Amino acid sequence: MSALKEQVLAGKTAFVAGASSGINLGVAQAFARAGARVVLISRSAEKIAAAAKTISDEGHEALGLAADVRDYAAVEAALGQAAERFGKLDIVLSGAAGNFVAPALGMSANGFKTVVDIDLIGTFNVLRASFQHLNRPGASLISITAGQAVRPSLYQAHVCAAKAGINMLTKCLAMEWGPAGVRVNAISPGPIADTEGMRRLAPTDQAEAAIKARIALRDYGTKTDIAEMAIFLSTDSAKYITGTILNVDGGSELGDAGGNAIPEGF
Ligand code: HXC
Ligand code: NAP
């Protein structure tokens, strides 16, 4: 049964960073439909207000705040406002990210640093600053990583390095904060349909088809696939799960599954 169909997060408060669009907005909307009050942050005051409105328009409680995850003080202030409005936080998801396709030699030092700052330093900032506001024991912290963390990828040196850092940061925080009853996990989405990430990485129908032909399950995933995992991680069903990187990727991490994997006659 889909977690989205039940009020499994009733009474809980979720803080979602990087939530003005795409996967993270999909997760924030799903958290709200599952009963949680939701606080959303991103850089753009206009975009995050519109994102929060999609949730309040459905009759759920949502607060949109502008904050750049690279700015620790701004993140702290947003978390403070969230706690003031809704009390202690039960769920914190850190998913803000930036990407562009460029060879390392076509990437300035600032280009590399920008992505590492948003993805990796931003995730540290969000999770570190959230600790004092967490409902402990019981809080669920989730970072959003990617297959690039474990699989080198051409023209993605910044993302590969940043996401690899997120995987290790997730595990270190799980180790340090487990004794306080705080679980820390990462979700690693595969290619997800209708997202900025895939528009940048596979901008043409041809590129999209080529990617799908090499995935074991032969398709992109959906934002709902990621939301289902985020909700699962935030319920008691996952109470003994921490320090893990959970792939929701159709088998992408297994490697190239192109061609006729199943022999004739079978
Ligand atoms: C080379 C580039 C570049 C490009 C930017 N830069 N785009 N270099 N090729 N295409 C360089 C700039 O020249 C500058 O370096 C530095 O990066 C910072 O650029 P700014 O525009 O000043 O940065 P900022 O305004 O902070 O914007 C960050 C951004 C932007 C990452 C560059 O694209 C952004 O805001 N992205 C957010 C949305 C996004 O990327 N969504 C996709 C997430 S998906 P110099 O030296 O000139 O100062 C994802 C992929 C995961 O994360 C895997 C999917 C499968
Ligand atoms: P997206 O729509 O561009 O989402 C990125 C979000 O981060 C936006 O809401 C953006 O909002 C926010 N953001 C960017 N920089 C920020 C900053 N400095 N401070 C605060 N917020 C910031 O991209 P997406 O494709 O859905 O990706 C979402 C997450 O999934 C990312 O972590 C990405 O790495 C991961 N992922 C995606 C895919 C995929 O197939 N798309 C695959 C694997 C992993 P503002 O512009 O308003 O700040």
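The values are calculated or read from the model by the stated rules, or taken from the named source; none is laboratory data. Predicted model, so just to flag it, every value in this text is computed and none were measured. Ideal geometry is used to build each Cβ from the backbone, glycine not excepted, and the neighbour counts take in all protein chains shown. Side chains included, ligands, DNA and RNA excluded: accessible areas come from the protein's heavy atoms. Shrake-Rupley method; radii C 1.70, N 1.55, O 1.52, S 1.80 Å.
Our summary gives the stretch 187-266 a relative contact order of 46 percent, counting only alpha carbon pairs under 8 angstrom and 6 or more residues apart. When the surface is traced with a 1.4 Å probe over the full set of protein chains, Arg151 keeps roughly 90 Å² accessible.
Average accessible surface for the chain: 48 Å² per residue, computed with a 1.4 Å probe over protein heavy atoms with every protein chain in place.
In the chain, taking the dipole from charged Cβ atoms about the Cα centre, the farthest positive-side position among Val8, Ala216, Tyr155 is held by Val8.
So how far, in whole Å, is the C-alpha centre of the stretch 230-266 from the one of the stretch 54-113? If we compute the Cα centre of each part, the gap is 26 Å. Among the protein heavy atoms of the chain, carbon and sulfur supply 55% of the accessible surface, probe 1.4 Å, non-protein parts ignored.
The chymotrypsin sites (Phe, Trp or Tyr not before Pro) of the stretch 215-260 that DSSP puts in a loop, and whose beta carbon has at most 16 other beta carbons within 10 Å, are Tyr240.
Evaluating 6.51 cos²θ - 1.76 cosθ + 1.60 at θ = phi - 60° for every residue in the stretch 191-201, the Karplus couplings come out as x, 10, 5, 6, 10, 4, x, 6, 4, 6, 7 Hz, glycine and proline recorded as x. Taking the Cα atoms only, what angle lies between the long axis of helix 72-86 and the longest principal axis of the chain, rounded to 10 degrees? So the helix axis and the longest Cα principal axis differ by about 60 degrees.
Taking label points 7 Å from Cα along the Cα-to-Cβ direction, Ala193 and Ala10 give a separation of 3.2 nm. Taking 0.36 nm per residue of separation and subtracting the Cα-Cα distance, full extension of the segment from Glu61 to Ala73 would add 1.8 nm. Each part gets one Cα centre, and for the stretch 116-189 versus the stretch 212-227 those centres are 22 Å apart.
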